[in-house]
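Heads up: the structure comes next, in structure tokens.
The values are calculated or read from the model by the stated rules, or taken from the named source; none is laboratory data. Predicted model only: the values in this text are computed from it and were never measured. Please note: Cβ atoms are built from the backbone with ideal geometry, for glycine as well, and neighbour counts cover all protein chains shown.
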Amino acid sequence: MKIATAAVSLASTHALREEQTREESLRLWVGNERPVFAGEEAEAAVQVRISPEGRQLQQVAAQPLVSAAADAATPSEDFAEDPKLTVMRLILEALTGKAIHIAGFEPVSPENAIPNPDVEQGVESADQPPARQGWGLEYDLQETTSEQESMTFSATGQVVTADGQTIAFKLQLSMQREFTATNTVQIRAGDAQLVDPLVINFNGQAAELSDMRFAFDLDADGTTEQIAALAPGSGFLAFDRNRDGKINNGLELFGPATGQGFGELNQLDSDGNGWLDENDPLYAELQVWMRDEAGNESLSSLAQNKVGAIFLGPVKTAFALKGSGNELLGQLRESSIFLGEKGGAGTVQEIDLAV
């Protein structure tokens, strides 16, 4: 081919966007109750606490064990501090201006071991929540790096060859790429523990947490905590153990006592078919506990909510649940499904809530 004349037009565009975000928060408090921090809404509610007489009885009962443990345990000079404890210690020292010492102890020998009264008496440890530490620390870090790049190229033109042939052409191409990486760190210390109840969601939606908080004894330690409320359309899966018509604390939900909500639910699967359904005797006693924005509570059975069966094989579905100010309200852990009596499906999810 011999080009005689030509008219060619080439054009291109290029765009590159790089973004890095870092969200970091630290909340620290002293006292037996987590306060409501700035940006969190608290519902006016009566705070329920163990009476001073009750606490005194607890201390008297625990004193022999504490004294025996102090005599049997020996401080270790070679104690190697865990990296997470190091971070917590440095944070506390920066905030308080005081040196923080974390002591370690050697394992107690079998002959000096302290007997566990709960085991000897056949009492399930799940029903005996740990004593509160009197302080709490919540540290959250999320770093996100994202890149977006695109390029377009176009060519149009017309050429005439030496032998008189005319060739018109038009060419376009585009290239693009996108990359996102997220790093999340969560540290909870003291009384700032994550407690994970099971939540059942209707109307085909996933669990959502609102900025509104309400007072509830989620970890069943006798003191109420301010926890994030569920958005409309979701409720806590509950079992009214004492049949008083209300949910009194986290022991009547699935998950707060053991940290394994689906594991607790699986224990009710009497026929072992991997589903909680009408073949299981306790299925009829399970309920859905809901609260509206005004604080009104309702308890309704699975049958009333047209829930036919719950699948007991969840998968991990990690996802951060944040409020309108991008503050962390909870952490989604696992998800499964339920089947409706008239067909269709919904989700059952395990959510970590800070207490």
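GLU208 fulfils the conditions (1) modelled with pLDDT of 90 or more; (2) acidic (Asp, Glu); (3) closer than 23 Å to GLY263 by Cα except for a single criterion, (1).
Each row is one residue, and each column tells you yes or no for (1) at pLDDT below 55; (2) under 22 Å from the mean Cα position of the chain (by Cα); (3) assigned to a helix (DSSP H, G or I).
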| site | (1), (2), (3) |
| --- | --- |
| MET1 | no, no, no |
| ALA4 | no, no, no |
| LEU10 | no, no, no |
| GLU19 | no, no, no |
| VAL36 | no, yes, no |
| ARG49 | yes, no, no |
| GLN56 | yes, no, yes |
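This table checks each residue for (1) within 17 Å of the chain's Cα centre (by Cα); (2) among the aliphatic types (A, V, I, L, M).
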residue: ALA257; (1), (2): yes, yes
residue: ASP271; (1), (2): no, no
residue: LEU276; (1), (2): no, yes
residue: GLN287; (1), (2): no, no
residue: GLY308; (1), (2): no, no
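State which residue pairs qualify: first residue touching a residue at least 60 places away in the same chain (Cβ under 8 Å) and inside the stretch 172-186, second residue of a type outside the set (S, T, N, Q) in any location, beta carbons under 6 Å apart, and separation of 6 or more residues or different chains. What qualifies is GLN186/ASP140. Every listed requirement among (1) in contact with an Asp or Glu (Cβ under 7 Å, 6 or more places away or on another chain); (2) surrounded by fewer than 17 Cβ atoms within 10 Å (Cβ to Cβ); (3) more than 21 Å from LEU209 (Cβ to Cβ) is met by TYR283 save one, (2).
Restricting attention to the stretch 307-352, the residues being touching a helix residue (DSSP H, G or I) at 6+ places or on another chain (Cβ under 9 Å), farther than 29 Å from GLN226 by Cα and not in a strand (DSSP E or B) number 2. The residue pairs whose first member lies in the stretch 14-26 and is under 18 Å from ALA320 (Cβ atoms) and assigned by TED's automatic domain parsing to the domain that holds GLN172, whose second member is among the aromatic types (Phe, Trp, Tyr) and part of a strand (DSSP E or B), and whose beta carbons are closer than 7 Å, counting only pairs six or more residues apart or on different chains, are LEU26/TYR139. Residues considered: VAL348, VAL355. Of these, the only one that is buried (at least 20 other Cβ atoms within 10 Å of the Cβ) and modelled with pLDDT of 90 or more is VAL348.
Of everything in the stretch 297-306 that's in a loop (DSSP other than H, G, I, E, B) and free of Cβ contacts under 8 Å to residues at least 40 places away in the same chain, which residue is farthest from PRO232 (Cα to Cα)? Checking each candidate, the answer is ALA303.
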